[in-house]
Amino acid sequence: MNTLKVEYNKNICEATIDRPNTRNAINFRVMQELEELLTEIESDGNTRCLILTGSGERIFVSGGDLREFHALKSAKEAKSMARRMLSILTRIEKLPCWTIASVNGPAFGGGCEMMLAFDFRIASPDAFFGFTQANFYLPPGWGGLTRLVERVGRSTALRWLGKASIVQPREALQHKLIDRVAAPGQLRKEALAWARELSHNDRTFIQNLKEGALRLAQARWKSIAAELDAFAECWESEKHRERVRRFLEQQ
């Protein structure tokens, strides 16, 4: 069974992470299907916008699948997993088409890191954003620290991550974590309308704009890659393993 539902509507690709029983958590199967989709979009010159959302209305992405990833014991294994997901998010950021994260519900941990790799973010009024990695004795490992600092500034990013903050839509909009909040029940409609507005020019035009914007901050790639070491070191620690064990026992 596919964990990623994909639908094309002319020049727009809508992708839905469909793992409701795990709160749309990212596992290796989701990674594989995202990689396959990205390869398809990269080679298909027709797609001008990718919209990603989560299945249902209760959750966007809850982060990494702790039950599956808890089997990774060593820093080397954790780093390999994180490097793979980091590569996926980098490919999303560099796609030669627009990308919109359509946040249909709460996003936690890696789910927040994931949406930060998109060009734009639109959220349901029922969504909120949990920077909860610290609850598991982890820093961001998928590029989320660098991207969060870019979006909201150093002080706010450190405060949210240090306190494992839950950020409501109004505050997220105020700090430019997200770009828009949709009207109640109108998230998909508004995301599609936004995608159509953005997509009146072809891929060459879109790619030129995106590549030009990324040239402003080339040093960021080293910063993003450097997050892997701290993530892997904390992953191997007993503090992390114990907090994950307690979390899983409560589920």
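The values are calculated or read from the model by the stated rules, or taken from the named source; none is laboratory data. Quick caveat, the model's predicted, so the values are computed rather than measured. All Cβ positions, glycine included, derive from the backbone under ideal geometry; neighbour counts span all protein chains shown. For accessibility, only protein heavy atoms count, side chains too; no ligands or nucleic acids. Shrake-Rupley method; radii C 1.70, N 1.55, O 1.52, S 1.80 Å.
Sort out which residues of region 116-133 are over 19 Å from K189 (Cβ atoms) and not in a strand (DSSP E or B), and write them in order of number.
L116, A117, D119, F128, F131, T132, Q133, listed by residue number.
Would region 86-96 turn up any residue that is of a type outside the set (A, V, I, L, M, F, W, C), more than 17 Å from the chain's Cα centre (by Cα), surrounded by 22 or more Cβ atoms within 10 Å (Cβ to Cβ) and outside any strand (DSSP E or B)?
no
Can you tell me which residue in region 173-201 is surrounded by the fewest Cβ atoms within 10 Å (Cβ to Cβ), limited to those that are among the hydrophobic types (A, V, I, L, M, F, W, C) and under 17 Å from F128 (Cα atoms)?
By that ranking, first place goes to A183.
Across region 8-59, what is the total count of residues that are of a type in the set (D, E, K, R), in contact with a Ser or Thr (Cβ under 9 Å, 6 or more places away or on another chain) and farther than 19 Å from R203 by Cα?
Of the residues in that region, 7 qualify.
Please count how many residues of region 212-240 are in contact (Cβ under 8 Å) with a residue 60 or more places away in the chain, open to solvent by 60 Å² or more (accessible area, probe 1.4 Å) and in a helix (DSSP H, G or I).
3
Within region 114-144, track down each residue that is open to solvent by 60 Å² or more (accessible area, probe 1.4 Å) and either among the hydrophobic types (A, V, I, L, M, F, W, C) or within 20 Å of L66 (Cα to Cα) (or both).
Across region 114-144, the qualifying residues are N135, Y137.
Output yes when any residue across region 81-91 is closer than 19 Å to L4 by Cα and either without any contact (Cβ under 8 Å) to a residue 12 or more places away in the chain or aromatic (F, W, Y) (or both), and no when none is.
Checking region 81-91: at least one residue is closer than 19 Å to L4 by Cα and either without any contact (Cβ under 8 Å) to a residue 12 or more places away in the chain or aromatic (F, W, Y) (or both).
Return the residue satisfying two criteria in turn: it lies in region 1-40 and is without any contact (Cβ under 8 Å) to a residue 12 or more places away in the chain, out of contact with any strand residue (DSSP E or B) (no Cβ under 6 Å at 6 or more places or on another chain) and not in a helix (DSSP H, G or I), and of such residues it is surrounded by the fewest Cβ atoms within 10 Å (Cβ to Cβ).
M1
Looking only at region 41-81, which residues are in contact with an Asp or Glu (Cβ under 8 Å, 6 or more places away or on another chain) and part of a helix (DSSP H, G or I)?
Result: A75, A78, K79.
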